[in-house]
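S.K.: First the structure, which I've put down as structure tokens, then a few questions once you've had a look.
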Amino acid sequence: MNLLTLNGIQKSYGQNNVLNEINFSVEPGQIIVLLGPSGTGKSTLLSIIAGLTKPDSGQIELDGIQISNLAVHKRQITLLTQKANLFPFMSVADNVAFSPNMKSLSKSERDKKVNSILEEVSLSGYNNRNPETLSGGEQQRVSLARALCSEPKVLLLDEPFASLDHNIRIEHQKLLKKLVQDSALPVIFVTHQLDEAMSLADKVIVIDEGTQWSNQIPQELYDKPSNPTSAKTVGFNVIDGVGLKWLNKPNIDTNNLICVRPENIVMDEKDPQIIAKCIGYLFLGSGYKLNLELSDGQTLDVLTGSQLSELELERVMSTKEIGIRSDFWLNF
Amino acid sequence: MFKVDIKTVPNLLAKISLFATICVFIVQSISKRWFWPQLWPNNFEFEETLSNFGDAIPLLWTTFIVAALVSLIGIILSAPLAWLIYNIGQKYRIVLILLVLFPALIPPVVSGVGYSIWFIKIDFDGNIAAVVAAHLLISLPYMLGIALSILFRQDRELFEASAGLGWSGDQIFFRIALPLMRAGLYLAAFVGFTISWGQYLLTVLVGNGQVVTLPMVVVSLATSADQTRFAALVLITMLVPALVTVLYHKVLNKTGEYEFANT
């Protein structure tokens, strides 16, 4: 059963079309991730769902009721952003107990609920702390606790962990997943980071330049994106097959756009499909990301699975013609 | 060797001149006949000084009541007005700001005469309420300006987050905006008090001689022969804003909101 449904959401600022025909729905306990580059309308969409921005057209339905014209405070939809937005003149406990439904509880009930939710977000004993004395991660958890206490019908998260370092971000992702599983709360999560989308999502919606490109489960999107834009968003090399000089054509229609994952390309001098030239590289720790230029000027990335030795890297960089192949091309 | 930092010289000179002026007024307030070019008074008269201070108490009370009311009503009006302007659409916001700030842009004599004529027409002159209203009209732009400046320094997301948690606009004003504006409202109250305290012309015009405040008497005595009384009243006139300044800084220190005052 769909809890939140978006139909034909459109928004533009003057000539700038920010969102174009966005349609999707969210079920209870589901995490929908909106994935796409920065500045492509994802945050505007969350702002529209929260009621902070008015769409030009389209409908939003929550629990079968039209909420498109409902005021922000009546929607029962809570938005968390990259900033924790804690009230500096209140303690952690007062921040958590800030929502109107908490005010209707007796003091003992309220304290009990605050303590229990602080325990859930691993902040037991932080009740009397001033929010400004907390780390960024702790502030985000207080903000999450406050949102959960308000018992929203839908939780919107706009890159809430973007400012946290890698390990803490992973911890927060696990915590969010657990909280969603326990509460069956539907979540719409905005990110531009592929790993975050893949690890959190039940479904990933790719949004680029205001257009919804796909609505797929993570594994499906990662392996078989439904269009070149989605493919590019999830890390595929997207190249035009027409102008390429093929030595050995893959078993697909090369007279169109074709996609290949960087990790699925191997350097093969014996039976190459295309000839390329290495024009740059990045050391990633577990391997290298090579930037190759094809005969017609198009470029593609290659991830080397294991670390190249310095000698091998020098050879790759100095060789004018590198043969590459892949057994996993996608055709559009 | 004694070194003077050139940057501290203006500050030092200001302090010396203020201190010297106060000293001259103190000596003058207890002197009997201190005329130019005498460097020091021939006689001192404490009884008259005490009597002068005693006579000033009703004036002090009237001036204080007017200034305190202006300060209080000013913050009661400027806080919600600032919230309204903060939340209103961009084009209406500018119109509203200009409308409220307008009295501060008009020369005091012009506005004073204007208010006086207006108040006479509606039969609302010659009483404390009229003086408070007139003082309020010229203090409010400054008080509102301060309230607005602190409100616009706040992150709008804080208010949006409150709305998302289920609070309506007026509830957000009382629960979030007011506490966040607190330091600014202290400053606005302080500014409103000092503007009203120093008013002379406006009080004369609107008070119609029925409401007499300290600055009115001080100005009238400035050119009189009774310089002892003049000095005593000047000291009292200076003393109250000085005490309010100390109180303002104490309150800010206590609430830990000194940062705003420094900015």
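The values are calculated or read from the model by the stated rules, or taken from the named source; none is laboratory data. Keep in mind the model is a prediction, meaning the values are calculated, not measured. Every residue, glycine as well, gets a Cβ built from its backbone with ideal geometry; the counts of neighbours run over all protein chains shown.
S.K.: All but one of (1) without any contact (Cβ under 8 Å) to a residue 24 or more places away in the chain; (2) among the polar types (S, T, N, Q); (3) touching a helix residue (DSSP H, G or I) at 6+ places or on another chain (Cβ under 7 Å) hold for B:SER78, so report the exception by its number.
M.R.: Result: B:SER78 fails condition (1) only.
S.K.: Could you figure out which of (1) crowded, with 21+ Cβ neighbours inside 10 Å; (2) of a type outside the set (Val, Ile, Thr); (3) within 11 Å of chain B (Cβ to nearest Cβ) isn't true of A:ARG141?
M.R.: So the condition that A:ARG141 fails would be (3).
Condition check ((1) in the same structural domain as A:THR81 (by TED's automatic domain parsing); (2) touching a residue at least 24 places away in the same chain (Cβ under 8 Å); (3) more than 24 Å from B:SER168 (Cβ to Cβ); (4) touching an Asp or Glu at 6+ places or on another chain (Cβ under 7 Å)) across all residues:
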| residue | (1), (2), (3), (4) |
| --- | --- |
| A:ASN101 | yes, yes, no, yes |
| A:ASN115 | yes, no, yes, no |
| A:GLY136 | yes, yes, yes, no |
| A:VAL154 | yes, yes, no, no |
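S.K.: Of the numbered conditions (1) in a loop (DSSP other than H, G, I, E, B); (2) within 12 Å of another protein chain (Cβ to nearest Cβ); (3) touching a Pro at 6+ places or on another chain (Cβ under 9 Å), A:PRO152 fails exactly one; give the number of that condition.
M.R.: Unmet condition: (3).
S.K.: While we're on this one: Considering only residues of the range A:77-102 that are part of a helix (DSSP H, G or I) and touching a Lys or Arg at 6+ places or on another chain (Cβ under 8 Å), which is surrounded by the fewest Cβ atoms within 10 Å (Cβ to Cβ)?
M.R.: The qualifying residue surrounded by the fewest Cβ atoms within 10 Å (Cβ to Cβ) is A:MET102.
S.K.: Using beta carbons and a limit of 7 Å, which pairs, at least six apart or on different chains, have the first residue in the range B:204-220 and modelled with pLDDT under 85 and the second one outside any helix (DSSP H, G or I)?
M.R.: Hits for this filter: B:ASN208/B:ASP125; B:ASN208/B:GLY126.
S.K.: For the range A:192-228, name all the residues that are of a type in the set (S, T, N, Q) and out of contact with any Gly (no Cβ under 9 Å at 6 or more places or on another chain).
M.R.: Those that are of a type in the set (S, T, N, Q) and out of contact with any Gly (no Cβ under 9 Å at 6 or more places or on another chain): A:GLN193, A:SER199, A:GLN212, A:SER214, A:ASN215, A:GLN216, A:GLN219, A:SER226, A:ASN227.
S.K.: For the range A:144-186, enumerate the residues that are touching a helix residue (DSSP H, G or I) at 6+ places or on another chain (Cβ under 8 Å) and among the polar types (S, T, N, Q).
M.R.: Matches in the range A:144-186: A:SER150, A:SER163, A:GLN173, A:SER183.
S.K.: Pick out, from the range B:156-222, the helices (runs of 4 or more DSSP H) lying fully within it that include 2 or more residues that are more than 14 Å from every other protein chain (Cβ to nearest Cβ). Give the steps one after another, and end with the answer.
M.R.: On the way: elements: B:156-164, B:169-172, B:178-197, B:201-207, B:214-221.
Ranges flagged: B:178-197, B:201-207, B:214-221.
S.K.: Which is modelled with pLDDT under 95, buried (at least 21 other Cβ atoms within 10 Å of the Cβ) and more than 11 Å from chain A (Cβ to nearest Cβ), of B:ILE120, B:ILE106, B:ILE146?
M.R.: B:ILE146
S.K.: Among the listed residues A:THR40, A:THR53, which satisfies the condition of being polar (S, T, N, Q) and buried (at least 21 other Cβ atoms within 10 Å of the Cβ)?
M.R.: Residue meeting the stated conditions: A:THR40.
S.K.: So, one more: Which of the following residues is touching a strand residue (DSSP E or B) at 6+ places or on another chain (Cβ under 9 Å) and not in a loop (DSSP other than H, G, I, E, B): B:VAL27, B:VAL110?
M.R.: B:VAL27
S.K.: Could you list, in sequence order, all residues of the range B:1-24 that are touching a Leu at 6+ places or on another chain (Cβ under 9 Å) and part of a helix (DSSP H, G or I)?
M.R.: Residue satisfying the conditions is B:ILE22 alone.
S.K.: A:ILE65 is checked against (1) farther than 21 Å from A:LYS11 by Cβ; (2) within 27 Å of the chain's Cα centre (by Cα); (3) away from chain B (no Cβ under 12 Å) and fails just one. What number does that condition carry?
M.R.: A:ILE65 satisfies every listed condition except (2).
S.K.: Among the residues of the range A:242-251, is there at least one that is part of a helix (DSSP H, G or I), surrounded by 13 or more Cβ atoms within 10 Å (Cβ to Cβ), touching a strand residue (DSSP E or B) at 6+ places or on another chain (Cβ under 9 Å) and outside the structural domain of A:LYS203 (by TED's automatic domain parsing)?
M.R.: No: the range A:242-251 contains no residue that is part of a helix (DSSP H, G or I), surrounded by 13 or more Cβ atoms within 10 Å (Cβ to Cβ), touching a strand residue (DSSP E or B) at 6+ places or on another chain (Cβ under 9 Å) and outside the structural domain of A:LYS203 (by TED's automatic domain parsing).
S.K.: Does at least one position in the range A:205-212 carry a residue that is in a helix (DSSP H, G or I), crowded, with 21+ Cβ neighbours inside 10 Å and in contact with a helix residue (DSSP H, G or I) (Cβ under 9 Å, 6 or more places away or on another chain)?
M.R.: Scanning the range A:205-212 turns up no residue that is in a helix (DSSP H, G or I), crowded, with 21+ Cβ neighbours inside 10 Å and in contact with a helix residue (DSSP H, G or I) (Cβ under 9 Å, 6 or more places away or on another chain).
S.K.: Name the single residue, out of those in the range A:69-108 being more than 25 Å from A:ALA162 (Cβ to Cβ) and among the charged types (D, E, K, R), that is farthest from the other protein chains (Cβ to nearest Cβ).
M.R.: Looking only at the range A:69-108, we keep the residues that are more than 25 Å from A:ALA162 (Cβ to Cβ), and these are A:69-71, A:73-74, A:76, A:89, A:91, A:93-94, A:97, A:100-108.
Checking the rest, the ones that are also among the charged types (D, E, K, R) come to A:74, A:94, A:103, A:107.
Numbers: A:LYS74: 8, A:ASP94: 11, A:LYS103: 10, A:LYS107: 18 Å.
Taking the candidates together, the pick is A:LYS107.
S.K.: Right, next: A:ASP268: touching a Gly at 6+ places or on another chain (Cβ under 9 Å), more than 29 Å from A:ALA201 (Cα to Cα), of a type outside the set (A, V, I, L, M, F, W, C) and exposed (fewer than 14 other Cβ atoms within 10 Å of the Cβ), yes or no?
M.R.: When the stated conditions are applied, A:ASP268 does not pass them.
S.K.: Looking at (1) of a type outside the set (S, T, N, Q); (2) over 22 Å from the mean Cα position of the chain (by Cα); (3) closer than 19 Å to A:LEU34 by Cβ, find the lone condition where A:ARG146 falls short.
M.R.: Answer for A:ARG146: the failing condition is (3).
S.K.: Looking at the range B:7-37 only, could you name the residues that are surrounded by 15 or more Cβ atoms within 10 Å (Cβ to Cβ) and of a type in the set (Phe, Trp, Tyr)?
M.R.: B:PHE25, B:TRP34
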